[in-house]
Amino acid sequence: MYELFNIRGKVAVITGAAGVLCSEMARALARAGVKVAILDLNEEQAQAVATEINAAGGTALAVKANVLDKKSLEAAKELIVREYERVDILINGAGGNKKEATADQDQSFFEIPPEAIQWVFNLNFTGAVLTTQVFGKLMVEQEAGVVINISSMAAFTPLTKTISYSAAKAAISNFTQWMAVHFNQNYSPRIRVNAIAPGFFITEQNRYLLLDPETGQPTPRGESVLNHTPMKRYGTPDELIGT
Ligand SMILES: NC(=O)c1ccc[n+]([C@@H]2O[C@H](COP(=O)([O-])OP(=O)(O)OC[C@H]3O[C@@H](n4cnc5c(N)ncnc54)[C@H](O)[C@@H]3O)[C@@H](O)[C@H]2O)c1
């Protein structure tokens, strides 16, 4: 039977796959018959996701790696290729924000330390570039592949407070377009580079901004976000799967 969206047997590397959104992507790809490499800095959580997928009949491998360390990414690539022989799909999901890089009542814009700005920018932007350098090279050798970056709605409309995060996600959208053209013109039209731009999902990177830690009720910012969201609620990770 002809199946339009059949991806059975493909190999996907997903960074940040121990996290909330990308672990859901890993589970969904595994259900579709894709072999998934759960690449994350958090080895224990990566192993837990891989174990869960394998127990459910999928094929998953936990790989500890740091997207900001090229040597660590090269070692991860070696391990994955030894196990799965190729890489068809790369999802650059590792990313996030932190309080120190936020302008709020505790710290004005003028006090944000450069290290915090760099930390958030590097994690969200440089991490995706380095990972694409390592796994993209494999795709060039294979003359085929798919790269999916995770941008954010913050790339289109910068969020108040999270200065470096919004800037890094805008950079990811820009890099995605640059990379799509670069691969096509220089290597292969069979390597596609795209990004998705999720809206708001409650995860560790934004919980402190959206929910009051004591009451669990929306903060004024959380209320403002919901008022600007046509469906008046946060997304749930499974809603990203179709995309
Ligand atoms: N949560 C949202 O509302 C939202 C909205 C738009 C985009 N995003 C983006 O989606 C992606 C996933 O976010 P999430 O909300 O699931 O966050 P999460 O914090 O649940 O997951 C992020 C994962 O990245 C891993 N990680 C952090 N630094 C790393 C490093 N140096 N090397 C390897 N792994 C590292 C963490 O261990 C964690 O497992 C991020 O790029 C985030 O910016 C999230």
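Once fully extended, how much extra length lies between Glu3 and Leu79, figured as 0.36 nm per residue of separation less the alpha-carbon to alpha-carbon distance?
Length gained between Glu3 and Leu79: 24.3 nm.
What is the spin-label model distance, in nm, from Asn194 to Asn42 if the labels are put 7 Å beyond Cα along the C-beta direction?
2.8 nm
Normalised by the number of residues in the stretch 114-207, what is the relative contact order in percent for Cα pairs under 8 Å and 6+ residues apart?
It rounds to 35 percent for the stretch 114-207.
Can you compute 3J(HN,Hα) from phi for each residue in the stretch 52-57, using the Karplus curve 6.51 cos²θ - 1.76 cosθ + 1.60 with θ = phi - 60°, rounded to whole Hz and x for Gly and Pro?
With the stated coefficients, the stretch 52-57 comes to 4, 5, 5, 5, 8, x Hz.
Scan the stretch 191-239 for trypsin sites (Lys or Arg not before Pro) in coil per DSSP, keeping those whose Cβ has at most 13 other Cβ atoms within 10 Å, and list them by number.
Lys232, Arg233
Output the Cα-based Rg and Dmax of the chain in Å, rounding Rg to one decimal and Dmax to a whole number.
18.2, 61
Could you give the length gained on full extension between Asp106 and Glu52, defined as 0.36 nm per residue of separation minus the Cα-Cα distance, in nm?
Extending this stretch completely gives an extra 15.5 nm.
Can you compute 3J(HN,Hα) from phi for each residue in the stretch 148-154, using the Karplus curve 6.51 cos²θ - 1.76 cosθ + 1.60 with θ = phi - 60°, rounded to whole Hz and x for Gly and Pro?
10, 8, 9, 8, 6, 4, 5
Using the Karplus equation 6.51 cos²θ - 1.76 cosθ + 1.60 (θ = phi - 60°), what ³J(HN,Hα) coupling, rounded to whole Hz, does each residue of the stretch 166-182 give in order, writing x for Gly and Pro?
The phi angles translate into 4, 5, 5, 6, 4, 5, 5, 4, 5, 4, 4, 5, 4, 5, 4, 6, 4 Hz.
Scan the chain and hand back the longest stretch that contains none of the GluC sites (Glu not before Pro) lying in DSSP loops with at most 16 other Cβ atoms within 10 Å.
Looking at the chain, 4-84 is the longest stretch - no exposed GluC sites (Glu not before Pro) with at most 16 other Cβ atoms within 10 Å.
Please return the longest stretch of the chain lacking exposed loop sites, where chymotrypsin sites (Phe, Trp or Tyr not before Pro) count only if DSSP places them in a loop and at most 15 other Cβ atoms lie within 10 Å.
Within the chain, the longest run free of exposed chymotrypsin sites (Phe, Trp or Tyr not before Pro) spans 6-155.
Which number gives the lysine pairs in the stretch 94-243 that have C-alpha atoms under 27 Å apart and are eight or more places apart or on different chains?
For the stretch 94-243, the number of qualifying lysine pairs is 10.
Between Glu223 and Asn184, what length in nm is gained on full extension when 0.36 nm per residue of separation is reduced by their alpha carbon distance?
Going from the current span to full extension adds 9.8 nm.
As a check on your grasp of the helix formula, calculate [θ] at 222 nm for the chain: sum -39500 (n - 2.57) over DSSP H runs of n ≥ 4, divide by the residue count, round to the nearest 500.
After summing the helix terms and dividing by residue count, I get -13000 deg cm²/dmol.
Of the options Ala18, Ala28, Pro189, report the single residue whose Cα projects farthest towards the positive end of the charge dipole of the chain (beta-carbon charges: Lys, Arg +1; Asp, Glu -1).
Going by the Cα projections, it comes out as Pro189.
Amide H of Asn149: which non-local residues (sequence gap of 5 or more, or other chain) have their own amide H closer than 5 Å, using H built in the peptide plane?
It is Asn92, Asn194, Ala195, Ile196, by chain and number.
Cross-link candidates for Lys71: which aspartates and glutamates have Cα within less than 18 Å, leaving aside residues fewer than 8 places away along the same chain?
Hits, sequence-local ones excluded: Asp40, Glu43.
A short reminder: the numbers here are calculations on the coordinates, not readings from a lab. It should be emphasised that the depicted structure is a prediction, and the values quoted were computed from it without experimental measurement. Please note: Cβ atoms are built from the backbone with ideal geometry, for glycine as well, and neighbour counts cover all protein chains shown.
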